[in-house]
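Chemist: What follows is a single structure, and I will ask about it in a moment.
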Amino acid sequence: MSEISQPAPMSRREWLMSDRPQSRLQARLGRAYMTWRRFSANRLAVAGLGIILLLILVAVFADALAPHSPVVGNLAGARLLPPGSEGYLLGTDDQGRDILSRLLHGSRLTLLVIVLVAIIAAPIGLLVGAVSGYAGGWVDAVLMRITDIFFAFPKLVLALAFVAAMGPGIQNAIIAIAITSWPPYARIARAETLTVRNSDYIAAVRLMGASPFRIVLRHVMPMCVSSLIVRVTLDMAGIILTAAGLGFLGLGAQPPLPEWGAMIAAGRRFILDQWWVATMPGIAILVVSLGFNLLGDGLRDALDPRESGK
Amino acid sequence: MMMHSLNKHARMLTAGAALSLLLMAGAPAFAETPADTLVEGWAIDDIITMDPGEAFELSTAEVTANTYSYLVRLDLNDTSKVVGDLAESWTVSDDGLTYTFKLKPGLKFASGNPVTAEDVAYSFERVVKLDKSPAFILTQFGLTGDNVTEKAKAADETTFVFTVDKAYAPSFVLNCLTATVGSVVDKKVVLEHVKAVTPSEEYKYDNDFGNEWLKTGYAGSGAFTMREWRANEVVVMERNDNYYGEKAPLARVIYRHMKESSGQRLALEAGDIDVARNLEPGDFDAVAKNGDLKTTSAPKGTLYYFSLNQKNQNLAKPEVAEAFKYLVDYDAIGSTLIKGIGEIHQTFLPKGVLGELDENPYKLDVAKAKELLAKAGLADGFSVTMDVRNTQPITGIAESIQQTLAQANIKMEIIPGDGKQTLTKYRARTHDIYIGQWGQDYFDPNSNAETFTVNPDNSDEGKVKTLAWRNAWDVPKEWTEQSKAALLEKDAAKRAEMYKDLQKKVLANSPFVIIFQQTEVAGYRGNLKGFKLGPSFDTNYVFNVSKE
């Protein structure tokens, strides 16, 4: 009767927290779990995440949630009604349209702008930065000087110039914002690349005969991603504000699209007597921007590699 | 310890200072305007020049009208007539070609120089020779740089003779002379300031007729003198003590540049300005309800319309044009977006002009419009764009039209731009639909009749660039002829009938959808007396205004 000590069955939590993972999958899941624990410990960050999830839900179900059409109003019968009027929870605007319905549908535009800008700008920045940092020499010099040129202009002014040249509209606004928001990502990616390019594992990969292309794509870029995600999330608020700014100046989404910035611009004329027309979309922008800022803050703490494993 | 208490003290001091600053900023500023000065808040960003021979902008016209004299002025009691200003009397020769004006005796310019027929002739000469934007109002009578000294000349000290090339309706000739371009300038003063110019192909004369100096200078004889104009800031006018008519009660009138309606309203409520000129419906209502303030309004000769470019195949179909006239919610627009600042008006002659026709047959009728579209083979609708200037109420109306068009399956995309962009596109005939305003150039039915019904050459190279041309509308020949015949009709009543008939035709069959006629509004302090808006942009006189 030998006592064979059986390892006690691990709880799921212990399996995830194990410091001797048995497989790659376990290691990855473990890391993700740690990140999530750090993230969820931050109440504000969770609140931010909640706001963003709510935004996504609202955007998806806007058709079902909105009590009225966002573009067709009742000019003769329901113009500039105050909040709380019957059937119009947040009041109506100068075309007699329900502000609540417009806000709900406007969330789609906001989300569209954010997602497209992130999809366009982040990869460009990542690629430019990683290539620049890894290659060094004149490639680095050329790419970084181009980045510097973009940095030399205030973002909104540059976006304005692009939109003015390409013509107003939501697509052009997205392109303009994307074009003007990649340079910081390139800088971050380059900095991260510089810290890893001379490390042993890169040397090992190189010894094994990997091409520079493969090294950058498979071994350098992944190291830059986490700081990039944090930066992009923190920038989301700025992107929303830029998009709203362009809309406010009449260069973003065009009527009758319920873009929040354009709604504020339309409501500005009534600010003295009908405050709600401009205020409601302003609150919406504020809440969503705040949500992204909180989320970004939480992500920064959670994804910080120096914190990991603690 | 010492340090600590000092810090505390300093902190309290700073806090106190900051607090008092806040209080000072928050306290209402009781800035009353001086008793002998009228201050108007008005958007005057359109002023480019103060030279009456060159200016063709709305704001300048008002200043010119208050600071210069003409031969004849519009009769404010009956705008289909004119009254003498510098002219005491006038006669028209039997062949209808020669107009002889007799000046009032003892007239003086603000400079003290006497007003003579010589000055009148010189004023005509410089307008024609400079040939700036408003010159056509005079040159349409056959004046050219070569013959102007013959056709507009002084017979003696007080007699001015004006010869036209055709026997026009006298009302037309006289109405044109009430335009600001007919201002009489002080020849002596202007001659002191002329600048030498090297003659060239386009400009054959060796001097600029004082054009550069008059941009900011003044050489007139009106009830007020123009003392100063600073672009986008202020225009200052002062009482002219040499004025031959009744002297103005106020010593000074100041136009302050204020662009936004809400800003003007706040300044008016606080007493910083006496008159607010660019109030939008909401602010106008609020001013009307305020016991300290009063409001006034007057219909203007400016029409708001949209027009369909006939180069667009869909828009060129007559049924489509008619359908568009049924797809505007006139009632709703009239009771909301333009409430108080406009009146629904569908014919091309504004109220107050000879031959006006007060008929508004069109109403929002989607079923009827759909029927018409089906007849044109467009029952499923189509897509079209509209160039919209980024100002109210135009944007609001465009959005309303966008909604009503959608009910008939017409998908309209709004292309916004500033006034320059949309107008440039319009003038190049590259738009689909253009929405905008049209103000008559001079107070005569011909101004609008010409632009809406005359298009002699519909090619892109056409020289007569009327609104009909801009929309590539090939106007039926008889209509153009009728419009030209009305110009030569001497009997005012018959002339009016001809224009009425023409308006009915255009109303029924044209690419123009005229929506409303502008009503100019103003809010003013209760202590003002005699403040009135005139029937046109160049008849808003301030020389009767006084303060209690």
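Chemist: Calculate how many DSSP beta bridges within the protein assembly as shown are antiparallel, expressed in % of all such bridges and rounded to the nearest 5.
Modeler: So the antiparallel bridges amount to about 75 percent of the total.
Chemist: Would you give the gap between the C-alpha center of segment B:461-498 and the C-alpha center of segment A:222-293, rounded to a whole Å?
Modeler: 51 Å
Chemist: In whole angstrom, note down how far apart the Cα centers of segment A:58-115 and segment A:120-157 are.
Modeler: 41 Å
Chemist: Then there's this: Could you list, in their original order, any pairs among B:Lys494/B:Lys532; B:Lys81/B:Lys532; B:Lys368/B:Lys505; B:Lys289/B:Lys532; B:Lys375/B:Lys425; B:Lys187/B:Lys215 whose Cα atoms are separated by more than 23 Å?
Modeler: Too far apart for the 23 Å limit: B:Lys494/B:Lys532; B:Lys375/B:Lys425.
Chemist: What are the semi-axes of the equivalent ellipsoid of the protein assembly as shown, taken as the square roots of 5 times the eigenvalues of the Cα gyration tensor, listed largest first and rounded to whole Å?
Modeler: 65, 33, 28
Chemist: With both bridge residues required to lie in segment B:124-270, what share of the DSSP beta bridges run antiparallel, to the nearest 5%?
Modeler: Once the DSSP bridges in segment B:124-270 are tallied, antiparallel ones form about 100 percent.
Chemist: So, one more: Between A:Met144, A:Met263, A:Met17, which gets the highest mean-square fluctuation from a Gaussian network model of chain A, Cα cutoff 10 Å?
Modeler: A:Met17
Chemist: Based solely on its DSSP helices, what 222 nm [θ] is calculated for the protein assembly as shown when runs of n ≥ 4 H residues each add -39,500 (n - 2.57) and the sum is averaged over all residues, nearest 500 deg cm²/dmol?
Modeler: That calculation yields -14000 deg cm²/dmol at 222 nm.
Chemist: Then there is this: Among the aspartates and glutamates, which have Cα under 19 Å from the Cα of B:Lys463 when same-chain residues fewer than 8 positions away are ignored?
Modeler: Straight-line reach from B:Lys463, under 19 Å: B:Asp131, B:Glu202, B:Asp441, B:Glu450, B:Asp474, B:Glu481.
Chemist: If I build a Gaussian network model for chain A, linking alpha-carbon pairs within less than 10 angstrom, which residue out of A:Ile240, A:Ile52, A:Ile215 has the largest mean-square fluctuation?
Modeler: Largest GNM mean-square fluctuation: A:Ile215.
Chemist: Here's another thing I want to ask about it. Once you've got the GNM for chain A with C-alpha springs shorter than 10 Å, pick whichever of A:Glu14, A:Glu192, A:Glu259 has the biggest mean-square fluctuation.
Modeler: Of A:Glu14, A:Glu192, A:Glu259, the most mobile in the Gaussian network model is A:Glu14.
Chemist: What average count of beta carbons from other chains do you get within 10 Å of the Cβ of residues in B:389-395?
Modeler: Per residue, the number of nearby Cβ atoms from other chains is 2 on average.
Chemist: Tally the DSSP beta bridges in chain B and give the antiparallel ones as a percent, rounded to 5.
Modeler: In chain B, approximately 75 percent of DSSP beta bridges are antiparallel ones.
Chemist: Quick one: which of B:225-232, B:60-67 comes out on top by average Cβ neighbours within 10 Å, and what's the full order, highest first?
Modeler: In descending order of packing, they fall as B:60-67, B:225-232.
Chemist: Just add up the charged neighbours of A:Val220: K/R +1, D/E -1, any other residue whose Cβ is under 9 Å from the Cβ of A:Val220.
Modeler: Net local charge, A:Val220 excluded: +1.
Chemist: Moving on to the next point. Mind checking the mean number of beta-carbon atoms from other chains within 10 Å of the Cβ atoms in A:74-84?
Modeler: 3
Chemist: With θ set to phi - 60°, apply the Karplus curve 6.51 cos²θ - 1.76 cosθ + 1.60 along segment A:120-134 and write out the HN-Hα couplings as whole Hz, x wherever there is a Gly or Pro.
Modeler: Residue by residue, segment A:120-134 yields 7, 6, 4, x, 4, x, 4, 5, 4, x, 5, 4, 4, x, 6 Hz.
Chemist: In the structure displayed, which of B:Lys151/B:Lys490; B:Lys294/B:Lys420; B:Lys129/B:Lys484; B:Lys411/B:Lys500 lie more than 24 Å apart, Cα to Cα?
Modeler: With Cα atoms farther than 24 Å apart: B:Lys294/B:Lys420; B:Lys129/B:Lys484; B:Lys411/B:Lys500.
Chemist: When a/c is below 1.5 the answer is rounded, else prolate if a/b is larger than b/c, else oblate, so apply that to chain A with a ≥ b ≥ c taken from the square roots of the Cα gyration tensor eigenvalues.
Modeler: Judged from the Cα gyration tensor, chain A comes out oblate (a/c at least 1.5, b/c at or above a/b).
Chemist: Averaged across B:279-287, how many Cβ atoms of other chains sit within 10 Å of each residue's Cβ atom?
Modeler: 2
Chemist: Which shape class applies to segment B:316-427: rounded if a/c is under 1.5, otherwise prolate when a/b exceeds b/c and oblate if not, where a ≥ b ≥ c are the square roots of the Cα gyration tensor eigenvalues?
Modeler: In terms of gyration-tensor shape, oblate.
Chemist: Does chain B come out rounded, prolate or oblate, given a ≥ b ≥ c as the square roots of the eigenvalues of its C-alpha gyration tensor, rounded meaning a/c under 1.5 and, failing that, prolate meaning a/b above b/c?
Modeler: In terms of gyration-tensor shape, oblate.
Chemist: Take peptides A:270-279, B:484-493, B:389-398 and line them up by average Cβ neighbours within 10 Å, highest first, as a rough protection proxy.
Modeler: Per-residue mean Cβ counts within 10 Å order the peptides as B:389-398, A:270-279, B:484-493.
Each value in this text was obtained by applying a stated rule to the coordinates, not by laboratory testing. Predicted model, so just to flag it, every value in this text is computed and none were measured. Every residue, glycine among them, receives a Cβ derived from its backbone with ideal geometry; neighbour counts consider all protein chains shown.
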